[in-house]
Every structure is written in structure tokens, then in C-alpha cells.
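Each remark here refers to the structure printed beneath this line.
The values are calculated or read from the model by the stated rules, or taken from the named source; none is laboratory data. Note that the structure is a prediction, hence the values are computed from the model and not measured. As a convention, Cβ positions derive from the backbone with ideal geometry for all residues, glycine included, and neighbour counts pool all protein chains shown.
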Amino acid sequence: MSAFLSSRRHLVRWAGAALLGLATVALSAPARAQTLTVSAAASLTNVLRELAPKFEAARPGVKLQFNFAASGVLIQQIAQGAPVDVFISADEETMARGIEQKLLDAGSRRDIAANQVVLVVPKEGAPKVGALADLGTAAVQRIALGKLASVPAGRYARQSLEKARLWMALEPKVVFADSVRQVLDYVARGEVDAGFVYATDAAVMADRVRVVTRVEGHDPVRYPAALVAEGRQKALAGDFLGFLLGAEAQAALARAGFGRP
């Protein structure tokens, strides 16, 4: 009997020590990393990747995860249940649609930047194009712009061409792309004769594309951001929006060619 009690006391002491050890490990281990998922317009790719380490450095254990695509594609993903915390659009229309569908928190909406649409041609071997009207010449066969249903830059371009009364004549030459960055790639590779992108995109490939002209006659290009209604990291997402409006992020956006919101 005494041997049994002794053995039982030994087992209890061992279990207690094991639990204490686990508690010590739990206390000494770093907090579980928090992942903040941001779905953002493709034109923000470079600058947000540049800013990510600065945001993370000030918040140990936090990791930013980006999903870059056309604004319309991103809001559709959110509508289908994609786990996203922050949405940044390249236009007011897509943001308004997300708020109307209650996918986004209307009270959190903030404009973080502005931009400008430009007409670009390949740096080498491009037809002579100096203005929008030149797109109608026989030398220009293929013109790239984003899909009208999902890419804001494509809609801005169409607005401008419609105002200049050129859309109907040029539409047969149009090659539609999935995002503004795909338009940029088409032009840079010489697969099209011209394309409509943002000024900031043209700057990314200044060695491969040439800006012909700033494009006028479209709605102002603004980048509204908002928290996703079903996002799991609300407090952290709010911190990120505040960070984007702060001096450091705004300076990075300005260096990349974005305007003030």
C-alpha cells in the first residue's frame, strides 16, 4: 500500500512539474503572429511592398499579406468570402459598391492617395503618337486598356476617349487586360502600340515605356480604403489605415508619384 502511495505521489509531482514546464514555455514563447490581409489595387503594388517592413517593424509579431489585382476583381473576392481585413480601391465606384453591399465598413472609409491616367507607348519602335487623336492613324493597330467591368483605369480611359469623341472609332483596336499592370506589361513588351495606365505605373517601367501625354476628361483618380466588414483584425486594420495617412507613408506615396488624397 505504501509503495502504491509513494508511486502515486511521484506521478503527481511529475505531472505538476510537466505542467509548470509547459506554462513556462508558453510564457516565454513570443506571441502568435498576427496576419493582416490587405487587398489593394494593382497600381499600389510597389509602394505598399516598400511600406510593409516599416509597418511591421513598429509592431513585432505582425505580418502584412497583400493581394494585388484589379479593384473590381478584389471586391468580388470579398463578396465571395475571401478572408480580407483592408480593401483599397483605385476608384470611388468600386468602393461605393462594396459599401452598398455592406461588404465594407462605411465609417472607416478614407482616401489615401490620388493618381493620373497617362497614355504610354513602347520605348523603342513605337508608332509616332503625340496625342490621343493619333491613336486613330493606321500605324496604331492595338491599344491596351483595362477591362471596363473590373479595372478602374480602363473606365477612366474610356471616359476620356468618349469625351474626345474617339471611343467608337478606336474600340475595334482595343485589347482588354485584367489589370492596369497587365496593360503596362503589354506596352513594355511591344505587344500593343499604346496603352492607358497610371502615371505611377509608367514610372515603374520608365526604361521600357514612354509617356505620350496626360489624359484628361475622366473622373478624379482617388484611392479610397476601408475596413472589410467581416475582417478579423479590426483594430490592427484601423492602425494600418492610420499608418497610410501618416507622414512616412504619404512621403513614400509621393516619391512613387501619387498625389495627396
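Being touching a residue at least 12 places away in the same chain (Cβ under 8 Å), assigned to a helix (DSSP H, G or I) and touching a Leu at 6+ places or on another chain (Cβ under 9 Å) is the filter; apply it to segment 73-127 and report the residue that is surrounded by the fewest Cβ atoms within 10 Å (Cβ to Cβ). By that ranking, first place goes to 79. Which of the residues spanning segment 212-229 are surrounded by fewer than 16 Cβ atoms within 10 Å (Cβ to Cβ) and in a loop (DSSP other than H, G, I, E, B)? 216, 217, 219, 220 - these are the residues of segment 212-229 that are surrounded by fewer than 16 Cβ atoms within 10 Å (Cβ to Cβ) and in a loop (DSSP other than H, G, I, E, B). The lone criterion from (1) part of a helix (DSSP H, G or I); (2) crowded, with 22+ Cβ neighbours inside 10 Å left unmet by residue 241 is number (2). Would it be correct to say that residue 40 is among the small types (Gly, Ala, Ser), in a strand (DSSP E or B) and in the same structural domain as residue 243 (by TED's automatic domain parsing)? Yes, satisfied.
Based on this model, can you work out whether residue 169 counts as exposed (fewer than 14 other Cβ atoms within 10 Å of the Cβ) and touching a Ser or Thr at 6+ places or on another chain (Cβ under 8 Å)?
No.
Going by the structure shown, is residue 186 hydroxyl-bearing (Ser, Thr, Tyr) and either not in a helix (DSSP H, G or I) or not assigned by TED's automatic domain parsing to the domain that holds residue 123 (or both)? No.
Taken over segment 135-165, the residue count meeting the criterion of being in contact (Cβ under 8 Å) with a residue 60 or more places away in the chain and either acidic (Asp, Glu) or outside any loop (DSSP other than H, G, I, E, B) (or both) is 7. The set of residues in segment 198-211 that are of a type in the set (A, V, I, L, M) and in a strand (DSSP E or B) comprises 209, 211.
Beta carbons closer than 8 Å, at least 6 apart along the sequence or on distinct chains, pair a first residue in segment 201-220 that is within 20 Å of residue 47 (Cα to Cα) and touching a residue at least 60 places away in the same chain (Cβ under 8 Å) with a second that is part of a helix (DSSP H, G or I) and of a type in the set (D, E, K, R) for 201/181.
Mind listing whichever residues of segment 244-261 are over 25 Å from residue 60 (Cα atoms) and either surrounded by fewer than 16 Cβ atoms within 10 Å (Cβ to Cβ) or modelled with pLDDT under 95 (or both)?
Residues of segment 244-261 that are over 25 Å from residue 60 (Cα atoms), as a first pass: 254-261.
Hits for segment 244-261 are 254, 255, 260, 261.
Screening residue 179 with (1) touching a residue at least 60 places away in the same chain (Cβ under 8 Å); (2) under 18 Å from the mean Cα position of the chain (by Cα); (3) not assigned by TED's automatic domain parsing to the domain that holds residue 135 gives one miss only, at (3). For residue 251, state whether it is in contact (Cβ under 8 Å) with a residue 12 or more places away in the chain and assigned by TED's automatic domain parsing to the domain that holds residue 72. Spelling it out, it is not the case that residue 251 is in contact (Cβ under 8 Å) with a residue 12 or more places away in the chain and assigned by TED's automatic domain parsing to the domain that holds residue 72. On the basis of being of a type in the set (Val, Ile, Thr), surrounded by 16 or more Cβ atoms within 10 Å (Cβ to Cβ) and assigned by TED's automatic domain parsing to the domain that holds residue 79, does residue 140 make the cut? No: the conditions fail for residue 140.
Could you grab me the full set of residues in segment 189-210 that are over 23 Å from the mean Cα position of the chain (by Cα) and of a type in the set (A, V, I, L, M, F, W, C)? Selection gives 192, 194.
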